[in-house]
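Undergrad: Below is the structure I would like to discuss, written out as structure tokens.
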Amino acid sequence: MKLLQTTFNSEFESTIKNWADDIKRNNFKALFHIYIPYDIEGAREHSDLIRNILLRELPGASIVGCSASGEIFDGHIQDEDIIVTAMIFEDATSRVEAVAVYKRKEKGSSERLSFLRSIPELKAIEILTSAPYQKFEDEIRIIDMLPEDVEVFGGFAVGDDKHAPFVFANDAPDSSDGSVVVFYCGKNLNIQTDRLMGWKAIGYPLKVTKSENDVVYEIENKPAYDIYKHYLHIKNNESFFYDALEFPCEVQIGNETTYIRHAKSVNPDGSIVMSSAIPQGSSIRLTYGDPRMIVEHTRKNSLQIRDFAPEVVSIINCLGRKLFWSEKKDIEISVISKHLQTTGFSALGEIMRYKGKTVLNNLSIVTVAMREGNAVKQVKFDEEKTENDIDFPMTARLALFINTISEELIEKNNQLNDMLYKASHDALTGVLNRGAIERIIYDHYEKNISSDEACNWHLIMFDIDNFKKINDCYGHTKGDNILKTLSRILSEYINTIPDAKAGRWGGEEFMLLISGHTDQEIEEIAENILNKIKNGFDEEIPVTISVGTTRYIPNENVKDTIDRADALLYKAKKSGKAKVCSDF
């Protein structure tokens, strides 16, 4: 397997004829990639002309391409020329087929999956796309039903408001909302993909308070554009896309799911169109290239490629990553290109399958190492020289400083939050402790003393019936487990009640403050708590509670309200237990 490259120049036709003679003479197979700078004049016309020449000289060749930025040629990233590369497959068992998906008759999911599974010796699928993200994601769901050892990689075509992105394959017309794929097959064909990241979150997490699909309306209840205006002084003009691309967002959903997305444009209302959907309620942080991570990822990737011993490496670089390095844009790919034949381009999004799931990456580098047959010769990489060769620009060093300061501040803030949590929450049950719930009751009264709200609040106090007997008969471990289970049941329920707070008052006693409800609603809530706890224990020990509830009386001392709730609780215990007593 080998790689041939040329630019689209005055010698192009003669160059292709020479390639064609060699390919046909040796009965090789060829796959052509055409990378066209997205903003070049007559980009689509150039695409048609180049493909006509290739198909005339090599009718059996497969051709794919797209609008691009930062085309890799002779080991360097350049932006001016149209780059044409030929991957030459020399092994008799290797096969490649390029397909314009948008030209095929639409099939059902099961039919498309059956087709993919029927391809013999399928090793990898390359995707070049200009489709909307949702359309792309629908196709990926089907591909991900294939065995995990099928590699998937590719990129999103580049475009902007003035130049629509486009993709093409063979002699099909180009498309600005479709995908083209290449199927790589062969018994002796070996393909390995990897990804380089390196974007580090800076600053504090911010909440996405309003969003719909790929439009983020509000962050921290303010127009989304404010974070770029306030923190980065990025103006809402024709340069916004490129300026914001250097500061993408790390999106956090739950505890584990994290990915990078970048801003594309600003709407008149201050909302931002992102590269793909960001869920409402998720947390985001601005990010910047972390030189330490970039160096480490580059080193690890180089060693993996070295061990694989490829003949050709395809690189899908991110446009935002290229902008980050500015005039040093070759700095990462040069580590690989010094020793191996490389091709590729800078995309708006990089596609790679990882652990059986294909995802759209942003601001990464995807490397695709290929060879036919067994590994023959490993390339030598000088690890120390690789790190020394990366001379960080001043902006990168500034980012390193900001990252370090941010990490230290966030660590201190987390420590403070942890201390505050422990100071206000019961260690065993996780609910508020006596001091915290009592303070909330008094604070609520003080803050609302001059309003109607000061009089419209209730206390519900309860404790576990016969809890001392449970501890004596079954042990304190059992008693502790009952307290924890009860607290979970209580917390789940009060989280559904507006303006309700609950805490452990002491021992087996609990206190609730609820404001803005009627006497009837409070009695219903108290009965619900009693029943939920009674029915919430799936064990041989019956667990019941006695409950007292009262309303604050205007102008009385708050302590009197607390004492009255306690007295009503005592009354419930004296009159048979497992019941609610109130003075309404």
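Undergrad: Residue by residue through the stretch 549-555, what is 3J(HN,Hα) from phi via Karplus (6.51 cos²θ - 1.76 cosθ + 1.60, θ = phi - 60°)? Round to whole Hz and write x for glycine and proline.
TA: For the stretch 549-555, the Karplus curve yields 9, 8, 9, 5, 9, x, 6 Hz.
Undergrad: Still on this structure, please answer the following. Can you pull out the GluC sites (Glu not before Pro) in the stretch 269-347 whose DSSP state is coil and whose Cβ has at most 11 other Cβ atoms within 10 Å?
TA: none
Undergrad: How far is helix 394-424 tilted off the main Cα axis of the chain, in degrees rounded to 10, range 0 to 90?
TA: Around 20 degrees separate the two axes.
Undergrad: What do you get for the angle between helix 476-494 and the principal long axis of the chain? Use alpha-carbon atoms, 0 to 90 degrees, nearest ten.
TA: Tilt relative to the chain: about 70 degrees.
Undergrad: Between Leu420 and Gln78, what is the label-point separation in nm under the 7 Å Cα-to-beta-carbon projection?
TA: Roughly 5.7 nm, to one decimal.
Undergrad: Right, something else. Along the stretch 4-9, what does the Karplus equation 6.51 cos²θ - 1.76 cosθ + 1.60 (θ = phi - 60°) give for ³J(HN,Hα), rounded to whole Hz, x for Gly and Pro?
TA: 3J(HN,Hα) across the stretch 4-9, in whole Hz: 10, 9, 7, 9, 7, 9.
Undergrad: Given a cut-off of 25 Å, what percent of all Cα-Cα pairs of the stretch 214-321 lie beyond it?
TA: Roughly 33 percent, once rounded to a whole number.
Undergrad: Which value results for Rg/Rh of the stretch 187-243 when Rg is the Cα radius of gyration and Rh the Kirkwood radius based on the inverse mean 1/r?
TA: 1.22
Undergrad: Kirkwood hydrodynamic radius of the stretch 34-153 from all distinct Cα pairs, in Å?
TA: Kirkwood radius, the stretch 34-153: 16.7 Å.
Undergrad: Please enumerate, by chain and number, the lysines with C-alpha under 21 Å from the C-alpha of Lys200, excluding those fewer than 8 residues away in the same chain.
TA: Excluding near neighbours in sequence, the set is Lys229, Lys264, Lys300, Lys322, Lys328, Lys329, Lys412.
Undergrad: Another question, then. Setting aside same-chain residues fewer than 8 positions from Lys468, which aspartates and glutamates have a Cα under 17 Å from its Cα?
TA: List returned: Asp480, Glu508, Glu509, Glu540.
Undergrad: When the Debye formula is applied to the Cα atoms of the stretch 473-534, each taken as the same point scatterer, what base-10 log of I(q)/I(0) results at q = 0.13, 0.17 Å⁻¹?
TA: -0.38, -0.62
Undergrad: Right, another one. So how far apart, in nm, are the two label points at Glu238 and Lys412 if each is 7 Å from Cα heading toward Cβ?
TA: It is 4.5 nm.
Undergrad: Which of the peptides 140-152, 67-79, 417-429 is most tightly packed, and how do the rest follow, going by the mean number of other Cβ atoms within 10 Å of each residue?
TA: For the peptides 140-152, 67-79, 417-429, the packing ranking is 67-79, 140-152, 417-429.
Undergrad: Evaluate Rg over Rh across the stretch 107-206, taking Cα atoms for both radii and Kirkwood's formula for Rh.
TA: 1.04
Undergrad: Let me ask something else. How much FRET efficiency would the formula 1/(1 + (r/R0)^6) give for Glu97 and Ser326, where r is the Cβ-Cβ distance and R0 is 45 Å, rounded to 0.05?
TA: So, using R0 = 45 Å, E works out to roughly 0.70.
Undergrad: Given 25 °C and 0.890 mPa s, how large is the Stokes-Einstein diffusion coefficient of the stretch 41-84 in µm²/s, with Rh as the Kirkwood radius over Cα pairs?
TA: Estimated diffusion coefficient is 210 µm²/s.
Undergrad: Then there is this: To the nearest 20 debye, what is the magnitude of the charge dipole of the stretch 1-98 about its Cα centre, counting +1 on the Cβ of each Lys and Arg and -1 on the Cβ of each Asp and Glu?
TA: For this selection, approximately 580 debye.
Undergrad: On a 0 to 90° scale, report how tilted helix 12-25 is relative to the longest principal axis of the chain, with both axes built from alpha carbons and the result rounded to the nearest 10.
TA: 90 degrees
Undergrad: State the percentage of accessible surface on the chain attributable to carbon and sulfur atoms; use a 1.4 Å probe and exclude ligands, DNA and RNA.
TA: 48 percent
Undergrad: For Glu508, what residues show an amide H to amide H distance below 5 Å, using hydrogens built from the backbone and excluding near sequence neighbours?
TA: Residues meeting the criterion, in which the H sits 1.01 Å from N, do not exist here.
Undergrad: Just from its helices, what would the mean residue ellipticity at 222 nm be for the chain, if runs of 4 or more DSSP H residues each count -39500 (n - 2.57) and the sum is divided by every residue, rounded to the nearest 500 deg cm²/dmol?
TA: So the helix-based figure for the chain works out to -11000 deg cm²/dmol.
Undergrad: How much length would be gained if the chain were fully extended between Glu13 and Asn471, taking 0.36 nm per residue of separation minus their Cα-Cα distance, in nm to one decimal?
TA: 155.8 nm
Undergrad: If you project the alpha carbons of the stretch 520-584 onto the principal axes, what extent comes out on each, in Å, largest first?
TA: Sorted largest first, the three principal extents are 46, 24, 16 Å.
Undergrad: For the stretch 467-584, what are the per-bin percents of Cα-Cα distances with bins 10 Å wide, up to the bin holding the maximum?
TA: The calculated distribution, bin by bin, is 12, 45, 33, 9, 1.
Undergrad: For the stretch 297-347, build the convex hull from the C-alpha positions and give me its volume per residue in Å³.
TA: Looking at the stretch 297-347, the number lands at 72 Å³ per residue.
Undergrad: Okay, next question. Give the percent of DSSP beta bridges with both residues in the stretch 44-170 that are antiparallel, rounded to the nearest 5.
TA: 50 percent
Undergrad: To the nearest 20 Debye, how big is the dipole of the chain about its Cα centre, given +1 on the beta carbon of each Lys and Arg and -1 on that of each Asp and Glu?
TA: 1180 debye
Undergrad: With 34 Å as the cut-off, how large is the P(r) tail for the chain, expressed as percent of Cα-Cα pairs?
TA: Above the 34 Å cut-off, the chain has 55 percent of its Cα pairs.
Undergrad: Taking the stretch 426-483 on its own, what percent of its Cα-Cα pair distances exceed 13 Å?
TA: Here the tail beyond 13 Å accounts for 72 percent of pairs.
Undergrad: Where in the stretch 154-179 does the amide nitrogen come within less than 13 Å of the point 7 Å from the Cα of Val273, taken along Cα to Cβ?
TA: 159-165
Undergrad: Now for a separate question. For the stretch 410-529, list log₁₀ I(q)/I(0) at each q in 0.12, 0.16, 0.22 Å⁻¹, using the Debye formula over Cα point scatterers of equal strength and ignoring solvent, two decimals each.
TA: Ignoring solvent entirely, the Cα scatterers give -0.52, -0.85, -1.26.
Undergrad: Okay, next question. Per residue, how much accessible area does the chain have with a 1.4 Å probe, in Å²?
TA: 47 Å²
Undergrad: If R0 is 51 Å, what FRET efficiency do you get for Lys24 and Glu212 from their C-beta distance, rounded to 0.05?
TA: So, using R0 = 51 Å, E works out to roughly 0.40.
Undergrad: Ranked highest first by average number of other Cβ atoms within 10 Å, how do 340-348, 225-233 line up?
TA: Result, highest mean Cβ count within 10 Å first: 340-348, 225-233.
The values are calculated or read from the model by the stated rules, or taken from the named source; none is laboratory data. Because the structure is a prediction, the values reported are computed rather than measured. Glycine gets a Cβ as well: all are built from the backbone with ideal geometry, and neighbour counts include every protein chain shown. All accessible areas refer to the heavy atoms of the entire protein, side chains included, with ligands and DNA or RNA removed. Shrake-Rupley method; radii C 1.70, N 1.55, O 1.52, S 1.80 Å.
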